[in-house]
Amino acid sequence: MERTFPVRVRPMGARERVLVLDFGGQYTHLIARRCRELGVYAEIVPQDRRLDEDALHGVKGVILSGGPRTVTEQDLMGVTAENLGELRKRQIPILGICFGHQLLAVAHGAELAPGGNPEYGNTRIRLLDESSILRGLEDGQTVWMSHSDEVRSLPDDLKALALSRDDRIAAFQSDDGLIYGVQFHPEVAHTPNGRSVLRSFLFDICGFDGGWTPEDEVEAIIRWVSEEVGDEQVLMGTSGGVDSTVAAVLIKMAIGERLHCVFVDNGLLREGEREDVQSAFREMGFENFHVVDASDEFLSALEGIEDPEEKRRIIAETFIRVFERKAKELEETYGPFTFLGQGTIYPDRVESAATGKATAVIKSHHNVRLPEWMRMRVIEPLRNLYKDEVRRVGAQLGIPDRLLRRQPFPGPSLAIRIGGEVTREQLRILRHADRILQEEMSKDPIYDRIWQSFCVLLPVRSVGVMGDQRTYQQACVIRIVESVDAMTASVSTPDWEILLRAAARIANEVEGINRVVYDLTSKPPGTIEWY
Ligand code: XMP
């Protein structure tokens, strides 16, 4: 596959960037995303990362995130104190947000008033100085707050830039123009001019010139993959999902046919999925694309299993067994594989302390761990990109739109959308219903805004009537949600006509379903998948 690239190249690692120090705030990823949207490459690092010479290479600004804690004595010692000293020595500007604002103020001698007088939600601020970070904002500006501790009585070398109700300090800066704090959250959509605050910090204060785009990374990624892999071979499990597809194309561009992709048909896929993926990879010029039909193996392993967590465990184990067997077979023909390619993206790797961990306990998710003997080195070309950035890169690489528009689809596939035992008959019913829903939904312009739209088959029967016949068949749920990162989700409100048409077609055309309901539950308290 021959492709050309723009020649703007920035080597990975040495690029200009802003660091976001993560103190466990829920919005840490949002801060990084907003900076990138403004054309400045942002990287998240944990609060206890020592910012030495290496870590600060190319760094022109640092943002301290929010966080759930109260600033303590300990925060003002140890790594954070050393880091603040190092940044000051190098004259790197710092912006503190919420907890970060309080931390910076206290580190410079301000007094902290703990708790007692919280501000939550939309708040108006009075501007005292519009010359620096608040440039362009209007007096009486609405911002979004979420705090209970507050900064009081600034020392002489810090000056207040804005006040909120009861004269609380909503923003400040240091006399030398290197330290800034905002008590509100400029990164959330509820702060209408938040973007302008970040822009002032990045462009006017740190001196970034913007202009970074995810597409700029393509060339550097390809060079990085080919340097890492050298003359070795890479094996990769591909599902046809956006991430693994874009990752595979990048690896292939770097090392050509030394990449072998394995697509496992687990017998739980949607209608036509295997054929679609296979033909798309063929179109993209993949020669070493190996399809393994393991339907029987998966379905017999799932026989009699009703518990969704048990289904997940069995599917993950079976996947490993099938993948391992195929890897051995391929090694006999093509020689050893040193690397395992993966479509891991930035949020999978860097989980914000507050948002990342809780979900793991709710459902046993995601990445399958390979057995010890397959001790391959992992190569993750998308490790620094967000989902929408991956799509942009994919579009630039000429990956067919039908692959880039695909919604996320869980590894355990339709097994976790069937209540009770997974049988071929249940799969037939669900596949048919799901195909109808996709056909109808893709006619609605809302489709591109939707995170996922799918059907769930319930192990519940109800009475219906068809012609003169009484029916007693299963119920199907239509679930359509909007989301940014699947951590939270809201119920989508597509055109009512489309929903009604899909529901009518499902109840009429699918043998086995006589009732269709729409799921009105957001996440939380629901999850996106039913099982
Ligand atoms: P929940 O249901 O936890 O789903 O709100 C959040 C996102 O994760 C997907 N999901 C899974 N993906 N293995 C996966 O690879 C799983 O076991 C699994 N369970 C849920 C789900 O489709 C949604 O996008």
**Fill in**
Conditions (1) open to solvent by less than 30 Å² (accessible area, probe 1.4 Å); (2) without any contact (Cβ under 8 Å) to a residue 40 or more places away in the chain -> Glu150 fails only (2)
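Within region 108-115, is there a residue that is under 27 Å from Arg17 (Cα atoms), in the same structural domain as Phe201 (by TED's automatic domain parsing) and either out of contact with any Gly (no Cβ under 8 Å at 6 or more places or on another chain) or surrounded by 13 or more Cβ atoms within 10 Å (Cβ to Cβ) (or both)?
Here is the first cut: in region 108-115, the residues under 27 Å from Arg17 (Cα atoms) are 108.
Adding the requirement that they be in the same structural domain as Phe201 (by TED's automatic domain parsing) leaves 108.
This time we only want the ones that are either out of contact with any Gly (no Cβ under 8 Å at 6 or more places or on another chain) or surrounded by 13 or more Cβ atoms within 10 Å (Cβ to Cβ) (or both), so: 108.
Checked against the condition, which is being under 27 Å from Arg17 (Cα atoms), in the same structural domain as Phe201 (by TED's automatic domain parsing) and either out of contact with any Gly (no Cβ under 8 Å at 6 or more places or on another chain) or surrounded by 13 or more Cβ atoms within 10 Å (Cβ to Cβ) (or both), region 108-115 yields at least one hit.
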**Fill in**
Of (1) within 16 Å of the ligand (Cβ to nearest atom); (2) under 23 Å from Leu414 (Cβ atoms), Glu509 satisfies every one except (1)
**Asked** Of all residues in region 448-474 being within 16 Å of the ligand (Cβ to nearest atom) and not in a strand (DSSP E or B), which is farthest from Glu421 (Cα to Cα)?
**Response** Arg449
**Fill in**
Sole miss for Val477 among (1) at negative phi; (2) part of a loop (DSSP other than H, G, I, E, B); (3) within 16 Å of the ligand (Cβ to nearest atom) is condition (2)
**Request:** Any chance you could count how many residues in region 161-187 are open to solvent by 10 Å² or more (accessible area, probe 1.4 Å), under 19 Å from Gly136 (Cβ atoms) and among the aliphatic types (A, V, I, L, M)?
**Result:** 1
**Request:** Considering only region 474-487, state which residues are touching a helix residue (DSSP H, G or I) at 6+ places or on another chain (Cβ under 9 Å) and among the polar types (S, T, N, Q).
**Result:** Gln474
**Message:** Restricting to region 59-81, name every residue that is over 25 Å from the mean Cα position of the chain (by Cα), at pLDDT below 95 and either open to solvent by 100 Å² or more (accessible area, probe 1.4 Å) or over 14 Å from Leu103 (Cα atoms) (or both).
**Reply:** Glu73, Gln74, Met77
**Asked** Any idea which of (1) open to solvent by less than 60 Å² (accessible area, probe 1.4 Å); (2) more than 26 Å from Glu111 (Cβ to Cβ) is the one Gly25 doesn't satisfy?
**Response** (2)
**Item:** Qualifying residues in region 418-461 (those that are surrounded by fewer than 17 Cβ atoms within 10 Å (Cβ to Cβ) and farther than 22 Å from Ile480 by Cβ) - the one farthest from the chain's Cα centre (by Cα)
**Value:** Arg461
**Complete:** Counting only residues that are within 12 Å of the ligand (Cβ to nearest atom), open to solvent by 30 Å² or more (accessible area, probe 1.4 Å) and not charged (D, E, K, R), region 307-343 contains a total of 3
**Asked** Right, Leu250: hydrophobic (A, V, I, L, M, F, W, C) and farther than 28 Å from Glu439 by Cα or not?
**Response** yes
**Complete:** Here the residues within region 39-58 that are open to solvent by 10 Å² or more (accessible area, probe 1.4 Å), part of a strand (DSSP E or B) and aliphatic (A, V, I, L, M) are Ile44
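Do you know which residues across region 480-506 are β-branched (Val, Ile, Thr) and away from the ligand (no atom under 14 Å from the Cβ)?
Across region 480-506, the qualifying residues are Thr493, Ile498, Ile506.
Answer yes or no as to whether Glu219 is open to solvent by 10 Å² or more (accessible area, probe 1.4 Å) and modelled with pLDDT under 95. I'd like the intermediate steps shown before the answer.
Working: open to solvent by 10 Å² or more (accessible area, probe 1.4 Å): yes; modelled with pLDDT under 95: yes.
So Glu219 fits the description; yes.
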**Item:** Meets criteria (part of a strand (DSSP E or B), closer than 30 Å to Val378 by Cα and under 26 Å from the mean Cα position of the chain (by Cα)) for Met145
**Value:** no
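The values are calculated or read from the model by the stated rules, or taken from the named source; none is laboratory data. Being a predicted model, the structure only gives us computed values, none of them experimental. Note that we place each Cβ from the backbone using ideal geometry, even for glycine, and neighbour counts take in every protein chain shown. Heavy atoms of the whole protein, side chains included, go into the accessibility calculation; ligands, DNA and RNA do not. Shrake-Rupley method; radii C 1.70, N 1.55, O 1.52, S 1.80 Å.
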